[in-house]
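Structure, as structure tokens:
The values are calculated or read from the model by the stated rules, or taken from the named source; none is laboratory data. On a predicted model such as this, the values are computed, not experimentally measured, just so you know. Every residue, glycine as well, gets a Cβ built from its backbone with ideal geometry; the counts of neighbours run over all protein chains shown.
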Amino acid sequence: MSRDPDHAIPSILSTKVVLLFAMACGLAVGNVYYAQPLLDAMARTFDLPAATVGIVITLTQVGYGLGLLLLVPLGDLLNRRRLIVTQTLLSVLALLVVALAPNGTWLLLGMACIGLLAVVTQVLVAYAANLAQPEQRGRVVGVVTSGVVLGILLARTVAGTMADLAGWRSVYLLSAGLTLLVALALWRVLPNAEQPPATQGYVKLLGSLLQLFKEEKILRDRAVLAMLIFAAATTLWTPLVLPLSAPPLSLSHTEIGLFGLAGAAGALGAARAGHLADRGLGQWTSGLALGLMLLCWLPIAFTQWSLWALLLGVIGLDLGLQAVHVTSQSLIYSVRPEAQSRLAAGYMLFYSIGSAAGSIAATSLYAWAGWTGVCLLGASINAVALGYWWWSLIPERPRASNPCPLESA
């Protein structure tokens, strides 16, 4: 597939432009996570039962998964500037639908659309890598990706604070305004060069995703791990607001949102995982990180008796999560440099499936078995992930039709 001629523009990626990419990514992905500390407030507003309120997160992740499958590949076919700005403007409309939702049906519709359009993050990351000169590509992608991580982590804190100050609807009104400003800034900054003629149509491009899964064992293995670890993470984060807001803890939304900052501390340490992957230690780094995630469910189980135990568990769980995520991306992108957008779409599709499944399962189980049941579910998912990682170290038998060497343990 031909490269975008925008790649020849060396001056477009000034520090300010790279930071704008990072800000746009953080804001887009944050829209997916605002709801996590607000589920109890949304449930009260629309009279949703606690056992099913997790569908708010599930539909958002389902929308995100569909966007990865259907929208991200368009970056290889359409003018990227128009695609990015159009998706961002449509995100403004989706945010307003949620903010002004008169009933639960409109809320769920708006959340699904927010997830669908939030995949502009993946288009932005790929576009930044495409515009960067080879000698600066790693730094540029690192900065833009940091915006994604910060957007995820800070979304819970911002949402909790805004909900206490002005109600949960204010979170989405504020994000709609900021997203509109970012769309205007992107329209002014992004180059308007036309895409080269596509070498394959949209349907064939989608079909090539299946071919990548068939040919690349490392993509299959890492996609399954992404599904499992993000299912475990949303098993923690989605119902966490319920025990923290209920007696005897009775924390405010601001206090609950602050636990998102605890995850930031863990994510800072995960940056080291990328360096270890570059040294050929990605597989074993992943194994240690998965073991850490499993152990962290023990202190998390004591949440209702000790917030310090929860804090310790959250830091360790997010540290392990980010370490596996970083090493997975490093391993995947090394096998097919010419297909990075499709590799990202395939990998992140499984992330979205895991997140959606973890959300609905956790809230349903909380209504039936309480916080202990949630912790047992999360630990079980992490145990399966650790076992699958160990099994994935078994080399695949070479096939005549696929002689490419695989990443060794």
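Going residue by residue through the stretch 393-400, is there one that turns out to be over 15 Å from the mean Cα position of the chain (by Cα) and modelled with pLDDT of 80 or more?
Yes.
With respect to the numbered conditions (1) in a helix (DSSP H, G or I); (2) more than 23 Å from residue 350 (Cα to Cα), which one is the sole condition not fulfilled by residue 102?
Answer for residue 102: the failing condition is (1).
Quick check on the stretch 202-253: of everything there that is of a type in the set (Gly, Ala, Ser) and assigned to a loop (DSSP other than H, G, I, E, B), which residue is nearest to residue 341 (Cα to Cα)?
Selected residue: 252.
Looking at the stretch 93-103, is at least one residue surrounded by fewer than 21 Cβ atoms within 10 Å (Cβ to Cβ) and small (Gly, Ala, Ser)?
Yes, the stretch 93-103 has at least one match.
Among what's in the stretch 304-336 and is touching a Gly at 6+ places or on another chain (Cβ under 8 Å) and of a type in the set (Val, Ile, Thr), pick the residue that is farthest from residue 233 (Cα to Cα).
Ranking the candidates gives 327 first.
Could you tell me which numbered condition residue 198 fails, if it satisfies all but one of (1) in a helix (DSSP H, G or I); (2) at pLDDT below 80?
(1)
Looking at the stretch 270-279, is at least one residue surrounded by fewer than 16 Cβ atoms within 10 Å (Cβ to Cβ) and modelled with pLDDT of 85 or more?
The answer is no; no qualifying residue exists.
Restricting to the stretch 37-58, name every residue that is assigned to a helix (DSSP H, G or I) and surrounded by fewer than 24 Cβ atoms within 10 Å (Cβ to Cβ).
40, 41, 42, 43, 44, 45, 46, 55
So for the stretch 129-151 (the condition being surrounded by fewer than 21 Cβ atoms within 10 Å (Cβ to Cβ) and at pLDDT 75 or above), does at least one residue qualify?
Among the residues of the stretch 129-151, at least one is surrounded by fewer than 21 Cβ atoms within 10 Å (Cβ to Cβ) and at pLDDT 75 or above, which makes the answer yes.
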